[in-house]
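Colleague: Below is one structure. I have some questions about it.
The values are calculated or read from the model by the stated rules, or taken from the named source; none is laboratory data. All figures in this text were calculated on a predicted structure; none of them were measured in a lab. Please note: Cβ atoms are built from the backbone with ideal geometry, for glycine as well, and neighbour counts cover all protein chains shown. In case anyone asks, the SASA skips ligands and DNA or RNA and just uses the protein heavy atoms, side chains included. Shrake-Rupley method; radii C 1.70, N 1.55, O 1.52, S 1.80 Å.
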Amino acid sequence: MANKLISEIPLPKSIANVFAARNISTAKDALSLTEFELMELLDVGLTEVRSALSQISEIVAPPYQTFCLKLSLLASLPTNYGGLDGRVIYIDVESKFSSRRLLEIGLRSFPEIFQMKEMAQEMAGRVFVLRPSSLSEFTQSLQQIKVSLLQNQVKMLVIDSMAALVSGEHEQGVHRQQTLSWHISFIKSLAEFSRIPVIVTNQVRSQSHDEASQYSFQVQSRDGIVETLTRYDSHLVAALGIHWAHAVTTRLVLEAKSGQRFIKVAKSPISPPLAFPFHITSSGISLISDEGMELMGPEINSIHCQGHNEIINFRMDSLV
């Protein structure tokens with residue numbers, strides 16, 4: 001599908017003609033460039049570029065599945081179903097939040113609730129979606145959110161993703177790090193002020209030739225011996241750098257190894273480094289037991305007895 005011709009995609013004729021004039025003939029050609037590279041090459045605005053990329057991606061890419069939808073659903077559920085019985089503020093930077101997918105996850109995971117139309121509408125209505133188009137607009141949203149957190153019984157804040165916001169800004173180096181430092185402090189203050197979890201997703205990027213990743217982690221093996229892993233070099237690093245990576249309280253890494261997906265606890269004040277296998281189904285992300293069975297309902301609470309610390313291999317290409 002990546003080699004699908006742009007001419008075969010139902011884009012507006014005006015933008016399709018510009019693609020053709022600039023010799024961008026396939027979906028791969030278009031998706032290999034950043035938004036700002038396309039703006040410069042095509043000589044069109046950001047709105048037109050984003051609209052075109054969205055249409056191209058919808059045709060050639062598989063359906064997008066986000067880790068944060070299941071978390072948002074669980075936070076909105078009544079307490080007797082294991083939820084937090086509250087509202088969720090979902091900052092959807094890349095416009096990938098799907099209410100249809102949220103309802104599908106709910107119907108598959110909790111059919112007794114979501115088969116009732118009124119309850120399904122109520123649960124979906126508990127997730128408030130904001131779509132800031134710039135870092136400055138995102139900053140204003142954060143300041144407004146602090147006022148409404150307690151008033152609206154918000155039980156979770158999701159920012160998906162911070163890297164996408166910053167990648168669109170022109171500031172680099174020290175100035176960008178100063179901006180990020182303010183956001184780190186403010187987001188942490190929101191979590192402490194309202195006593196709710198704040199979920200922030202990150203991305204990975206290619207590192208330059210001169211960059212080196214040096215991290216030390218202690219891994220507790222099953223025989224009680226502590227191994228210190230001191231250096232890992234990779235062509236991929238966390239998109240926002242080491243300052244952001246270490247600012248979070250708990251860091252989860254989602255990666256694939258030998259065809260199996262794992263959620264790794266890479267940093268936690270209360271847990272050793274562990275990894276839990278999971279898969280993605282119509283009911284969203286689901287943890288898998290050691291016997292290969294999907295964990296559901298109260299069984300999820302027993303995951304502290306599991307985990308695979310022998311497969312832990314922390315690398316910067318995995319930080320998200």
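Colleague: Can you name every residue in the stretch 102-130 that is open to solvent by 70 Å² or more (accessible area, probe 1.4 Å) and basic (K, R)?
Modeller: R108, K117
Colleague: Also, quick follow-up: Pairs please, first residue from the stretch 257-272 and free of Cβ contacts under 8 Å to residues at least 60 places away in the same chain, second anywhere and open to solvent by 80 Å² or more (accessible area, probe 1.4 Å), Cβ atoms under 7 Å, 6+ apart in sequence or on different chains.
Modeller: Qualifying pairs under 7 Å: P269/T249.
Colleague: Name, by its number, the condition in (1) farther than 27 Å from A124 by Cβ; (2) exposed (fewer than 14 other Cβ atoms within 10 Å of the Cβ); (3) acidic (D, E) that does not hold for D29.
Modeller: (2)
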